[in-house]
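First the structure, in the form of structure tokens, and then the observations on it.
Read the figures in this text as sums done on the coordinates, not as results from a lab. Everything quoted here is computed from the prediction, not taken from an experiment. All Cβ positions, glycine included, derive from the backbone under ideal geometry; neighbour counts span all protein chains shown.
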Amino acid sequence: MKDHPSQWIHSGLTCRDVVVQASAYLDDQLPFFTTFRVGMHVASCADCRTYMKQMALVCEVAARLPKPYRSPISRLSLRQHFARSYPPSL
Amino acid sequence: MNADATTYTESIGHNPSLIPKSKEGKPSGLTKAEGQLIARLRRGDEGAFDELVNQHHGALIRMAMGYVADREVAEEVVQDTWLAVIESLNRFEGRSSLRTWVCGILIHKAKDRGVREKRHTSFSAFEPCEGENDEAVDPSRFQQSGEWAGHWAFPPKSWDDQTPEKLLASQQAVSAMQRAIEMLPATLKEVLILRDVEGVEAKEVCEILNITENNLYVRLHRARERVRAAVETALG
């Protein structure tokens, strides 16, 4: 058998199978046995490891992207509307 | 009021540690913090209202942008959403989380506005944009036949030196990500924004969007892959 990184450990999955499940794997949403098989494949396949790292990095950075600001005019009018609808209780 | 409405009494205002329960005694969808926030809102605490808006405004703008064509219209949709929240707050029964409720109002208003303005390209945002079986990653990047069929033919280039901090510091990468997110169809954008940008748990995302977990991960993976591919191109 040829020495291909994806086959060092026989997970029974191809890279294509692994990539399809990457998001669910990263979010820990796969059934135990599938997680195990994907994990085995990733551990032995440098290319899939690269892919998983990139997906994880993208998720982490997405959470830290600059947030859209709120316009001061809309904020003021909302506060006024709230104050009219819910006068402070004494 | 609905028969299975939560018994949202004044007592929650005096004892904010209480999580509201439905009449059947089941816990509501509200967290303790949300229960306390609602009690403050109903007492007319403007600080609580600011808190609520600050928590969710960014996510709502981004989600609205999936349904309408420009930022200005998205701002209007979000403003309408907050007005509806104020109007309906006393009728909110707490059967879902506050975030689920607010996002539900936004989605309804944004879809309505998107349809009315016909700003969407052939209304594709409201339908699955691709077949459920279409793969996120271009199939031609994998070996098509032979002993290694299904394994990488054109694997991703390593970003070994990239950290979240370095990526965030790269204007090119951040712009590519923002552009890629902006370009996503609504069905993909809403899952990415809720799950990754806002960090909402998968179960709650499914509840907000009324989709199954399988469907969530099909969409989420497509969305993440498009953003990853955009960064891959930007980094060369």
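If R0 is 56 Å, the Cβ-Cβ spacing of B:Leu235 and B:Glu46 corresponds to a FRET efficiency of close to 0.80.
Sparse packing (at most 15 other Cβ atoms within 10 Å of the Cβ) combined with a DSSP loop state is found for the following trypsin sites (Lys or Arg not before Pro) in segment B:136-189: B:Lys157. Calculated FRET efficiency, A:Phe36 and B:Phe154, Cβ-Cβ r, R0 30 Å, to nearest 0.05? With a Förster radius of 30 Å, E is 0.60.
What full-extension length gain, to one decimal in nm, is calculated for B:Glu72 and B:Asp138 as 0.36 nm per residue of separation minus the Cα-Cα distance?
Here the answer is 20.3 nm.
What aspartates and glutamates sit close enough to B:Lys189 to cross-link, taking a C-alpha to C-alpha distance under 15 Å and skipping anything fewer than 8 places away on the same chain? Straight-distance partners of B:Lys189: B:Asp70, B:Glu127, B:Glu130, B:Glu198, B:Glu225.
Provide a whole-number value for the mean count of partner chain Cβ atoms within 10 Å of the Cβ atoms in peptide B:65-75.
1
Listed cross-link partners B:Lys32/B:Lys203; A:Lys53/B:Lys109; B:Lys32/B:Lys111 are compared with a 28 Å cut-off, the Cα-Cα value being larger for A:Lys53/B:Lys109; B:Lys32/B:Lys111.
The chymotrypsin sites (Phe, Trp or Tyr not before Pro) of segment A:19-82 that meet both conditions, a loop assignment by DSSP and at most 11 other Cβ atoms within 10 Å of the site Cβ, are A:Tyr69.
Residue exposure proxy: B:Glu204, B:Glu117, ordered by other Cβ atoms within 10 angstrom of their Cβ from fewest to most, comes out as B:Glu117, B:Glu204. Counting, for every residue in B:213-224, the Cβ atoms of other protein chains within 10 Å of its Cβ and taking the mean gives 4. Neighbour counting of Cβ atoms within 10 Å sorts the residues B:Thr81, A:Thr14, B:Thr31, fewest neighbours leading, into B:Thr31, A:Thr14, B:Thr81.
The calculated FRET efficiency for the pair B:Glu165 and A:Ala83, based on their C-beta separation and a Förster distance of 51 Å, comes to about 0.80.
The alpha carbon radius of gyration of segment B:157-236, expressed as a multiple of 2.2 N^0.38 Å, is 1.16.
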